[in-house]
Amino acid sequence: MPGIALTKINQSKFNQSKMEKSTIEIPPFTSNQKIIIAILALLQFTVILDFMIISPLGDILMKKLDMTTSNFGFAVSGYAFSAGISGLLAAGFADRFDRKKLLIFFYAGFIIGTVFCAFASSYWMLLFARIFTGLFGGVIGSVSLAIVTDLFVIHQRGRVMGFIQMAFATSQILGIPLGLYFANNWGWHSAFIMIAALGVLILIAIVTKMEPVTKHLELQSDKNPFLHLLHTLSNKNYQVGFAAIAFLSVGGFMLQPFGTAFLVNNIHISQLQLPMVFFFTGLSVLFIMPIIGRLSDKISKFKLFCAGSLISIIMVLIYTNLSPIPLWEVVVINMILFMGIMSRMIPATTLNTAIPEMKDRGAYMSITSSLQQIAGGIAAVCAGFIVHQKTKISPLENYDILGYVIAVTTFCTALLMWRVNQLAKSKDVIAKK
């Protein structure tokens, strides 16, 4: 009888444990947290739009500034490489200052760089402007992620990342079509002026509405910032996260730069039809982001990532092998493709935030962002050499090969993300003890 009683007790504990796991309590957002989410989402909107606008303007820029595909690849990667370098240089100092002050400094530099882009009149001036913008813009994402990780618990971060990643969708729905409208009516320079003007308004909101973020300053043990950088880089668990996020960026940086040139020259979509493609693509992402964010807080983030990866691989292979088709088919394919891509981003980013300790978060996020940008820069350069265009109006060649490379990279990313998931699980078990 004691054995039966013991079995019942164990079964009761097992059922209780199972119930606790299946009903995770998700804390509500405070009013201050809602303000932070709104500011970071708007900030990300401008940073993403500044990078994304290069792609839809790609065909115009290559014609207006007399650039080859490899020149354009370097113009895109110039931002990425400078962002990566500045992120590494800033990593050692990222945990030694109020995160709000860091955000203000780098965002102000980003706005100035965007103004430089607006007044570029040659390929070399544009390249310099993109490098300058990258020096500041590349650090903003890591500072934002560190703020999210400091101010939100793990079971809130999926929703937070869902809202912030909606900036991508909003840039597709409003930013890119509006930027193309400005470019088609007042020249491509006006698109960058629009971004800079919006950035000034957001900077004012950061200064006046965001409170200082300084809790991490109490936990610092490395007085030397370079020693702090070295300790963060040498952590083997952190290295897995670095590799996974770096691989995550490769596919996007390979696909996006030549997306509009492919649509215009291969699929025969006109410049006036491009805003419609981006509008509906962004609309689909805007629809899926909150759903993915909530699912990411309730179910396995890794399984969600794998589902998004599978969709991405299938759709990338379809997209890069397209021949001329009706506009509505292009819109549908783009919508499903980007829904798959963004279904990877939220769970991957959320899992990655679980890896670093609070005292290392600023440095970890800066290094992650840097490696992501550098890997993306290399990917953009490689894409520029893989894809060829004989004349300014001829179809792009080897775009299908680009799709196969992206598919293999996506599969490798899933393997690395499995390891990140294991590390996040083990850390969660230790924290509960």
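The values are calculated or read from the model by the stated rules, or taken from the named source; none is laboratory data. The model shown is predicted, which means the values in this text are computed figures rather than measured ones. Cβ placement follows ideal geometry from the backbone for every residue including glycine, while neighbour counts extend to all protein chains displayed. Note: accessible area is taken over every heavy atom of the protein model, side chains too, but ligands, DNA and RNA are not part of it. Shrake-Rupley method; radii C 1.70, N 1.55, O 1.52, S 1.80 Å.
Suppose we keep only residues that are open to solvent by less than 10 Å² (accessible area, probe 1.4 Å) and small (Gly, Ala, Ser) within region 344-368. Which one would you say is nearest to Leu248 (Cα to Cα)?
Ala348
Looking at (1) in contact with a Leu (Cβ under 7 Å, 6 or more places away or on another chain); (2) of a type outside the set (Asp, Glu); (3) without any contact (Cβ under 8 Å) to a residue 60 or more places away in the chain, find the lone condition where Phe74 falls short.
It is condition (3) that Phe74 fails.
Filter region 31-77 down to the residues that are open to solvent by 10 Å² or more (accessible area, probe 1.4 Å) and small (Gly, Ala, Ser), then identify the one that is nearest to Gly384 (Cα to Cα).
So the residue we want is Ser70.
Considering (1) open to solvent by less than 40 Å² (accessible area, probe 1.4 Å); (2) in a helix (DSSP H, G or I), say which one Gln372 fails and leave the rest.
For Gln372, the failing item is (1).
Restricting the first residue to region 400-421 and requiring it to be farther than 17 Å from Tyr238 by Cβ, which pairs with a second residue that is among the polar types (S, T, N, Q) meet a Cβ separation below 6 Å and a spacing of at least six or different chains?
Correct list of pairs: Asp400/Thr320; Asp400/Asn321; Leu402/Thr320; Gly403/Thr320; Thr410/Ser309; Thr410/Ser312; Ala414/Ser309.
Give me the residue from region 95-136 that is part of a loop (DSSP other than H, G, I, E, B) and open to solvent by less than 30 Å² (accessible area, probe 1.4 Å) and, out of that set, modelled with the lowest pLDDT.
So the first thing to find is which residues in region 95-136 are part of a loop (DSSP other than H, G, I, E, B), and the list is 95-98, 119-122.
Subset that is open to solvent by less than 30 Å² (accessible area, probe 1.4 Å): 95, 98, 120.
Numbers: Asp95: 65, Asp98: 79, Ala120: 83.
Applying the filter and picking the extreme gives Asp95.
Just checking, does region 155-173 include any residue being modelled with pLDDT of 80 or more and basic (Lys, Arg)? Can you show your working first?
Going through region 155-173, the residues modelled with pLDDT of 80 or more turn out to be none.
No, that holds for no residue.
Just to confirm my filter: which helices (runs of 4 or more DSSP H) fall fully inside region 223-317 and include at least 1 residues that are closer than 19 Å to Met365 by Cα and modelled with pLDDT of 80 or more? Before you say what the answer is, go through the steps one by one.
Working: elements: 225-234, 236-255, 259-265, 274-298.
So the answer is 225-234, 236-255.
Does any residue in region 263-276 that is at negative phi come within less than 9 Å, Cβ to Cβ, of a residue that is open to solvent by 30 Å² or more (accessible area, probe 1.4 Å) and of a type in the set (Gly, Ala, Ser) six or more places away or on a different chain, and which pairs are these?
Taking only residues 6 or more apart or on different chains, the pairs are Val264/Ser270; Asn266/Ser323; Ile267/Ser323.
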